[in-house]
1. Of ALA212, ALA182, which residue is of a type in the set (A, V, I, L, M) and away from the ligand (no atom under 14 Å from the Cβ)?
2. Just for helices (runs of 4 or more DSSP H) wholly inside the range 220-296: which have at least 1 residues that are within 30 Å of GLY605 (Cβ to Cβ), within 24 Å of the chain's Cα centre (by Cα) and at pLDDT 95 or above?
3. Only one of LYS571, LYS667, LYS587 is charged (D, E, K, R) and open to solvent by 70 Å² or more (accessible area, probe 1.4 Å). Can you tell me which?
4. On the basis of being at pLDDT 95 or above, of a type in the set (Asp, Glu) and open to solvent by less than 10 Å² (accessible area, probe 1.4 Å), does ASP512 make the cut?
5. Among the residues of the range 596-617, write down those that are surrounded by fewer than 20 Cβ atoms within 10 Å (Cβ to Cβ) and either farther than 26 Å from ASN644 by Cβ or hydroxyl-bearing (Ser, Thr, Tyr) (or both).
6. Find the residue count for the range 60-81, including only residues that are more than 26 Å from ALA142 (Cβ to Cβ), out of contact with any Asp or Glu (no Cβ under 8 Å at 6 or more places or on another chain) and open to solvent by 40 Å² or more (accessible area, probe 1.4 Å).
7. Output the number of residues of the range 293-307 satisfying the condition of being within 14 Å of the ligand (Cβ to nearest atom) and surrounded by fewer than 24 Cβ atoms within 10 Å (Cβ to Cβ).
8. Enumerate the strands (runs of 3 or more DSSP E) found wholly within the range 45-116, keeping only those where 2 or more residues are within 16 Å of the ligand (Cβ to nearest atom).
Amino acid sequence: MKSGWVDRDAEAIVADGAKAGIDPDLSLRIYTTRLLGRDPKLVLHGGGNTSLKTTMRDPLGAEVEVLRVKASGADMASIELAGFPALRLEPMQALRALETIGDEELVGIERANLIDARAPNPSVEVMLHAFLPHKFIDHTHATAVLSVVDQPRGEQICAEVFGDRMAFVPYLLPGFGLAKKAIEVFEHSPGCECLILSKHGLVTFGETAREAYERMIAFVSRAEDFIARSRKSVMAAQPARRPPPVADVAPIVRGVCSEKDEKAEGAWRRLVLEFRTGNAILDFLNGKDLRRLSEAGVITPDHTIRTKNWPLLLNAPESERMGEFARSAREKAQEFTMRYRDYFARNNKRAGGNKRALDPLPRLTLVPGLGLFGLGRTRGDAVIAADIAEAWIECLTDAEAIGRFESISEADMFDCEYWPLEQAKLGARNEPPLTGQVAAITGAGGAIGAATAKCFAAAGAEVALLDVDRAAAREQADAIGGDALALSCDVTDGGSVSAAFAKIAEHFGGADIVVSNAGAAWQGRIGEIDEDILHKSFELNFYGHQRVAQAAVRIMRAQGTGGCLLFNISKQAVNPGPNFGPYGIPKAAALALMRQYALDYGADGIRANAVNADRIRSGLLTPQMIASRAKARGVSEKDYMAGNLLGREVTAEDVAQAFLHQALALKTTADVTTVDGGNIAAAMR
Ligand SMILES: [Zn+2]
């Protein structure tokens with residue numbers, strides 16, 4: 001591992017900081033924190049922290065000694081000054097006199113000693129930084145160091161690798177106790193340049209930002225060199241049979257890694273998936289020790305809040321025997337959740353019985369021959385779980401190459417998983433109603449599709465925006481931001497629909513809600529219409545819905561957690577307009593299609609509903625059309641658009657709200673919701 005320090009960059013950040021009144025030490029603290037944070041072999045998703053002891057003026061103008069420490073959960077790669085709350089140093093150091101202190105009390109004292117009361121909470125490892133005397137302190141969970149220390153003989157191996165420049169701190173739960181132990185160990189080896197925290201990570205320190213940072217690089221490099229030197233060849237990969245496509249496996253995995261939500265009949269608690277594969281992952285998954293290693297536990301305690309302590313290990317799937325794979329996956333997932341509940345009950349009893357159980361679903365699933373899935377309530381969480389899983393595999397592979405991997409005990413993992421300060425990193429979750437669900441919307445580049453995608457994303461769903469015009473879908477997905485996915489999909493082409501749904505399954509793990517919205521209008525008097533035009537309209541306005549629904553139902557049935565098909569059928573399906581036959585007739589057939597899906601798949605928990613909307617500004621009703629129709633009726637454009645019983649113009653957002661309502665109404669199927677401001681001729685009867 002090479003130092004990322006560049007004099008020019010360091011000088012630039014110091015010069016920029018000076019303009020904003022930031023002193024050079026603090027600027028360089030920010031600089032080396034970013035250097036550490038940008039290397040996933042050192043720091044992953046909030047798993048590391050740094051500090052600086054300095055002075056500043058408090059609000060009354062008095063100069064005080066402070067500890068600037070990384071805020072809890074802050075991203076080191078992009079950290080700014082605001083990510084380093086300042087605490088009065090002396091009262092924090094005085095806490096060393098205490099034997100022990102409760103978590104809430106400690107957080108209270110920390111907050112009371114913030115120079116700026118609005119600052120974020122300091123890192124959960126703040127006391128380690130407060131007690132050690134050094135000006136600059138860097139702490140990471142570097143993968144290579146974990147491979148060396150996560151061993152039954154971890155202390156001896158570390159002595160061999162790092163020599164007497166290192167002092168060894170036995171495992172304790174991160175927090176106050178560990179901080180006290182660390183300073184005690186340091187005081188016994190005052191010349192050391194690094195503390196190895198058993199089965200957790202390492203701490204380096206220095207008089208300058210560069211010294212602390214480059215010591216970190218030097219110690220991690222020593223661990224890397226040792227691994228490279230001592231490697232014996234293990235985990236030889238077996239040649240795997242050709243696995244089935246990820247798009248076929250993912251919905252099965254997603255389905256078995258979900259559970260019925262007891263709060264409402266028909267509701268499910270679902271997760272979103274992130275798939276990873278590659279040589280390192282496949283070598284690990286095809287290795288002979290996979291079963292033992294899959295049970296071996298986390299590489300550093302704070303990973304347990306992201307991946308749980310162990311993964312769900314499935315059998316290798318085979319294309320011709322997917323039914324068998326699905327059955328065994330379900331059994332193994334059930335064993336996993338039962339085991340998690342037992343683990344919780346056993347440890348909660350030991351810990352005093354006042355913890356609240358987290359959901360028992362896996363956050364990492366291993367599929368031999370194929371790859372791994374990170375799982376999370378959002379796609380962002382799934383990506384974090386997958387990143388941590390890759391580091392876990394790298395660490396275990398290297399640990400086994402030089403010895404035998406050993407994690408902390410089950411009780412220690414539980415204490416970390418259910419430590420309130422770790423849970424706080426995940427943030428107070430007030431989840432929107434569609435959290436964990438995946439919604440695909442066709443015609444998402446147009447007005448109604450775009451409004452629906454936006455509305456579903458705001459309700460917590462992961463959204464895939466499909467449109468024949470990919471650029472239009474991309475533009476709307478970008479406007480939504482986050483993890484919105486844009487895909488090109490021509491619903492008149494079966495291959496294009498299958499490919500789009502395969503991509504959705506690969507990207508999110510499956511689909512739960514499909515809004516079949518793509519459509520276009522053709523006109524003509526029915527007795528004189530060219531048959532080609534009727535065919536064209538049927539291809540898009542009827543078969544398009546059928547292709548999309550069929551692809552969606554295939555995924556939904558593989559998941560086994562129900563689902564929801566929503567169709568845009570337009571007023572024409574119910575109340576035909578003169579010369580609109582080529583549009584209205586396939587739309588009427590689409591209404592029948594919706595009812596048929598409701599009938600045929602109700603027993604699978606798949607609901608089918610439709611929205612009958614009219615007179616929405618869109619690609620089907622352009623400003624020119626509005627102008628000419630208003631003129632033909634002798635009314636203003638405004639009165640034309642609001643020409644309904646309520647006298648209100650209906651918007652794409654109103655249609656989106658109707659789709660959302662149908663998605664949330666778990667006891668409603670074969671329903672048509674009318675969104676037209678009131679038109680008795682188009683009312684359902
Ligand atoms: Zn740590």
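1. Working: ALA182 fails: away from the ligand (no atom under 14 Å from the Cβ).
Criteria check complete, one pass: ALA212.
2. Numbers: elements: 246-256, 279-285, 290-294.
Answer list for the range 220-296: 246-256.
3. Numbers: LYS571 fails: open to solvent by 70 Å² or more (accessible area, probe 1.4 Å); LYS587 fails: open to solvent by 70 Å² or more (accessible area, probe 1.4 Å).
One residue alone meets the criteria, LYS667.
4. Values: at pLDDT 95 or above: yes; of a type in the set (Asp, Glu): yes; open to solvent by less than 10 Å² (accessible area, probe 1.4 Å): yes.
For ASP512, the condition - at pLDDT 95 or above, of a type in the set (Asp, Glu) and open to solvent by less than 10 Å² (accessible area, probe 1.4 Å) - is met.
5. If the condition is that a residue be surrounded by fewer than 20 Cβ atoms within 10 Å (Cβ to Cβ) and either farther than 26 Å from ASN644 by Cβ or hydroxyl-bearing (Ser, Thr, Tyr) (or both), then GLN596, ALA598, LEU599, ASP600, GLY602, ALA603, ASP604, GLY605 are the ones that fit.
6. To start, the set of residues in the range 60-81 that are more than 26 Å from ALA142 (Cβ to Cβ) comprises 60-66.
Of the ones still in play, those that are also out of contact with any Asp or Glu (no Cβ under 8 Å at 6 or more places or on another chain) are 60-63, 66.
Remaining after also requiring open to solvent by 40 Å² or more (accessible area, probe 1.4 Å): 60, 62-63.
The number of residues fulfilling the criteria is 3.
7. Start the filter on the range 293-307 by keeping residues that are within 14 Å of the ligand (Cβ to nearest atom), which leaves 298-306.
With the extra rule that they be surrounded by fewer than 24 Cβ atoms within 10 Å (Cβ to Cβ), the set shrinks to 305.
Of the residues in the range 293-307, 1 are within 14 Å of the ligand (Cβ to nearest atom) and surrounded by fewer than 24 Cβ atoms within 10 Å (Cβ to Cβ).
8. On the way: elements: 48-57, 63-69, 86-88.
Fully inside the range 45-116 and qualifying: 48-57.
The values are calculated or read from the model by the stated rules, or taken from the named source; none is laboratory data. What you see is a predicted model, and the numbers here were worked out from it, not measured in a lab. When we count neighbours, we look across all protein chains shown, and the Cβ atoms used for this are built from the backbone with ideal geometry, even at glycine. Note: areas computed on protein heavy atoms with side chains; ligands, DNA, RNA excluded. Shrake-Rupley method; radii C 1.70, N 1.55, O 1.52, S 1.80 Å.
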